[in-house]
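Trainee: Okay, here's the structure, questions in a sec.
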Amino acid sequence: MLFFFSLVAFLSLLVMLTYRYRAFIIPHVPERVKSLFPALNNYTPLATFSQQMGAGLNSNNFDIEANIRDGDSRSGLDERGTQEVMEIMRRERVNFDQARLIRQNRILAANGIDPSGMPMDSKAITRL
């Protein structure tokens, strides 16, 4: 009985870890396995500014079209940041600018900074 409980617990842990780290695991899965599970192929990287603009990553405050017009030599926006913003847009049903703000506030909070830009550390000296 204890053996079966341990086996179920181990398999549950394995499934949870696989789900949690799926973004790191999926690139290493062979193509023939991916073809069996079409849900694994739902994300394709956006490599150029025009592809990113077509995916809705553009606004009046963040004008990618100007980069295209000016012939920007960069290949496009940061791939990880692009994926995070698109995920926030999808999950929270917000527009591009709101998703960028949410992502930036999360980055600030992870580094101990509140949304106003002030450090959250009680020992920080903010005035002299």
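The values are calculated or read from the model by the stated rules, or taken from the named source; none is laboratory data. Everything numeric here is computed off the predicted structure, so don't read it as measured data. Because the Cβ atoms are built from the backbone with ideal geometry, glycine has one as well, and the counts that use them run over all protein chains shown. Heads up: the accessible areas ignore ligands, DNA and RNA and are worked out on the full protein's heavy atoms, side chains in. Shrake-Rupley method; radii C 1.70, N 1.55, O 1.52, S 1.80 Å.
Trainee: On a 0 to 90° scale, report how tilted helix 79-92 is relative to the longest principal axis of the chain, with both axes built from alpha carbons and the result rounded to the nearest 10.
Mentor: The angle comes out at about 80 degrees.
Trainee: Report the full-extension gain for the segment I26 to M120: residue separation times 0.36 nm, less the Cα-Cα distance, to one decimal in nm.
Mentor: Roughly 30.2 nm would be gained on extension.
Trainee: Excluding the sites themselves, what is the longest stretch of the chain that contains no chymotrypsin sites (Phe, Trp or Tyr not before Pro) in a DSSP loop with at most 15 other C-beta atoms within 10 Å? Walk me through the numbers before you get to the answer.
Mentor: Values: sites that count: Y21, Y43, F62.
Counting only loop sites that pass the neighbour cut-off, the longest clear stretch is 63-128.
Trainee: In whole percent, and with a 1.4 Å probe on the protein chains, what portion of the accessible area of the chain is carbon and sulfur?
Mentor: 60
Trainee: What distance in nm separates the two pseudo spin-label positions at E79 and S50, each 7 Å out from Cα along the beta-carbon direction?
Mentor: The modelled label-to-label distance comes out at 2.1 nm.
Trainee: How tilted is helix 2-20 with respect to the longest principal axis of the chain? Cα atoms for both, answer in degrees (0 to 90, nearest 10).
Mentor: For 2-20 against the chain, the angle is about 20 degrees.
Trainee: Same structure, new question: By accessible area of protein heavy atoms, probe 1.4 Å, what ranking do L128, L14 get, highest first?
Mentor: Details: L128 215, L14 85 Å².
Descending order: L128, L14.
Trainee: Just checking my list (1) 12, 42, 31, 12, 3, 0; (2) 10, 25, 27, 22, 11, 4, 1; (3) 12, 46, 37, 5 against P(r) over Cα pairs in 10 Å bins from 0, in percent computed from this structure; which label fits?
Mentor: (2)
Trainee: With r as the distance between the Cβ atoms of R69 and F10 and R0 = 41 Å, compute the FRET efficiency 1/(1 + (r/R0)^6) and round to 0.05.
Mentor: With R0 = 41 Å, the Cβ-Cβ based efficiency is 0.15.
Trainee: Just the accessible area per residue of the chain, please: how many Å² with a 1.4 Å probe?
Mentor: Result: 82 Å² of accessible area for each residue.
Trainee: When the helices in the chain are scored as -39500 (n - 2.57) per DSSP H run of 4 or longer and the sum is shared across all residues, what 222 nm value do you end up with, to the nearest 500 deg cm²/dmol?
Mentor: Details: 7 runs with 70 residues, N = 128.
Helix-only estimate at 222 nm: -16000 deg cm²/dmol.
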